[in-house]
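S.K.: Quick one: structure below, then a few questions.
Each reported figure results from applying straightforward, stated rules to the coordinates on display, with no laboratory input. Predicted model only: the values in this text are computed from it and were never measured. Virtual Cβ from ideal backbone geometry, glycine too; neighbours counted across all protein chains shown.
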Amino acid sequence: MEMNLLRDWPAPTGRARLFFASAQARAAQAQAPEKDVPPSEIQRAALDSSRETSAYMKGNAVRILGLGFKVFDHYDETAFRQACQAHLRRHDVYHTGFFFDENSGDWASRTMHPDDIELSGESVDVAAPGQPGDTFAEMIDVRQPRIPDWDLFSFSALGIEHAGPQADAPEFTVAICMDHLLTDGFSIFMIFEEIMMFYEAFRAGAQSLTDLPEHASHADYARRDMAFCNQLTPDSPQVVEWQRFQALHGGGLPGFSFATGLAERDDFAPGRMTTIPDFLSVEDSDAFEAACKAAGGSLSAGFMAVAGLIDRLVRGSDSFTVCTPRSTRSSPAEHYTMGWFAHPVPLEFSVADTFADTVAAARQANKDVRFMIGVPVYPAQKVVDPTLSSMPPEMTSLSFIDTRLIPTYRDLAAHGFTVIGTRRNAKSVHYWVNRVGHGTNLNFMHPDTPELAAGLPAFADLFRQIIDEVITTGDCNVARDHAYWQAIVDAYEAKPAPQMRAA
């Protein structure tokens, strides 16, 4: 599994078919009844953000979270359209569109019948970057609907000239672009599985596909989410914790350990994705996981602990704070339901002299923060000050995804599975440590500044060196070996960057 910004993803060139909601489907949605489906709290934050008029937010008007993957079969237009429509009709997150009601000063919604959702296709020729014509990213940028439109999705079949009826080794690439309002990182894998299952079934002549896992309703989740957050008071433990956590950062949320080059809160820079696809081999990933467990931690806590040790070396703090996403899915059926079921929670733990003590503290902190799941910062801060927008404050976030635990039945690497997204402007550093089939990769979404151009390779190098020390000796003592580690930090701008692909 790789991660890429859409503009840097090497989309296949040549003949392609792009599918968007048809005019009839958009008309049906515009006339659909209001069924009191609210946005979830994190959806509300995204919706409120769309109404911000700053240059920063205007640049991020389209925030795609999508995927690309290869299909090793002939391209069948009818089967592909049917597969995409079946996916859209199956999940109710696609059935509701939101609009801002000026009379109530709040978001309202219309919910259409799933059978009214249909797609219409457009034939295009995708150009390579720097060549005459439009690239795939440019096509999506122009065509992709944006909030408050309902149809915040597109499905594309690329490179279809290589998957014609006469092709001996047929292959084409699917690109699916969703607004983040409709999906989260976990759902991305579900889209891949469902589109493949539907396509294979319809290619084989099936009229429908009923052998699918039970799924739930995102609308029901949104109602539950709203009801829970509406009963919060200033004395609710979650509100108190968010207030305490924000007070640690001057009313804001955590920043990155290394300098970003953005001095003021309103400063921003173009967004960039930097990836290290082969950060750890399978053998090193397994060895590090074993060391984490031997110290009473876990793999995710181990990566958190390494980040904490780096923060101590750079900033001298004996406490590490970061925001980390947590899933709000609460039933087996919701694990097979499309939607945005995640939000950041505040994490804080003590950073000791050794990795062993720190990873144990990180694991305990991961357990202790579970009571915060279901209460993002946005509704919590509005309990204290109702005049505040639901627009999320900037934060550094650290995410860990173990694709071995995700219920996919196909080899992601074999299908060239890639997570793709957009981020024109950036203020904060978000990083993902992903355990995948071929080891572990490290990915940063960040402002494109000279400071981070120097700092991120050094951060990754230091991250790797601490892991190597843990693998080799079973621990890492930054106090005993302070001079050694501090020399690395002090000289990071002069150190050569590790081999990496900057997307």
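S.K.: Which shape class, rounded, prolate or oblate, goes with region 238-502 when its Cα gyration tensor gives a ≥ b ≥ c as root eigenvalues, a/c under 1.5 marks rounded, and past that a/b bigger than b/c marks prolate? If you can, show how the numbers build up before the last one.
M.R.: On the way: a/c = 1.29, a/b = 1.14, b/c = 1.13.
The shape class here is rounded.
S.K.: Karplus couplings for region 236-245 from phi (6.51 cos²θ - 1.76 cosθ + 1.60, θ = phi - 60°), rounded to Hz, Gly and Pro as x?
M.R.: Once θ is set to phi - 60°, the couplings for region 236-245 become 4, x, 5, 5, 4, 5, 4, 5, 4, 5 Hz.
S.K.: Placing unit charges on C-beta atoms (Lys and Arg positive, Asp and Glu negative, everything else neutral), compute the dipole magnitude of the chain about its Cα centre in debye, rounded to 20.
M.R.: Computed about the Cα centre, the dipole is about 360 debye.
S.K.: Based only on Cα atoms, what mean projected area does the convex hull of region 200-248 have, in nm²?
M.R.: Details: hull surface 26.4 nm².
So the mean shadow area of the Cα hull is 6.6 nm².
S.K.: Give me the distance between the Cα centres of region 197-229 and region 1-20, rounded to whole Å.
M.R.: Answer, in whole Å: 25.
S.K.: While we're here: For region 2-221, rounded, prolate or oblate, judged on the Cα gyration tensor with a ≥ b ≥ c (square roots of eigenvalues), a/c < 1.5 rounded, else prolate if a/b > b/c?
M.R.: Oblate, because a/c is 1.5 or more while a/b does not exceed b/c.
S.K.: Can you tell me the mean projection area, over all orientations, of the convex hull of region 63-157's alpha carbons? Units nm², please.
M.R.: Average projection, Cα convex hull of region 63-157: 8.3 nm².
S.K.: About its Cα centre, what dipole magnitude does region 238-502 give when the only charges are +1 on Lys and Arg Cβ and -1 on Asp and Glu Cβ, stated in debye to the nearest 20?
M.R.: 800
S.K.: From Cα pairs below 8 angstrom and at least 6 apart in sequence, can you work out the relative contact order of the chain, rounded to a whole percent?
M.R.: 23
S.K.: Could I ask something else about it? Tell me, what is the percent relative contact order of region 2-221, built from C-alpha pairs under 8 Å that lie six or more residues apart?
M.R.: It comes to 36 percent, rounded to a whole number.
S.K.: Turning to a different aspect of this structure: Once you wrap a convex hull around the alpha carbon atoms of region 427-490, what is its projected area averaged over all directions, in nm²?
M.R.: 5.6
S.K.: Restricting things to alpha carbons, tell me how big region 234-385 is in terms of Rg and Dmax, in Å.
M.R.: 17.2, 50
S.K.: Compute the distance from the alpha-carbon center of region 424-460 to that of region 99-171, in whole Å.
M.R.: Each part's Cα centre sits 28 Å from the other's.
S.K.: Name the longest site-free stretch of the chain, where the excluded sites are chymotrypsin sites (Phe, Trp or Tyr not before Pro) in a DSSP loop with no more than 12 other beta-carbon atoms within 10 Å.
M.R.: Result for the longest clean stretch: 73-408.
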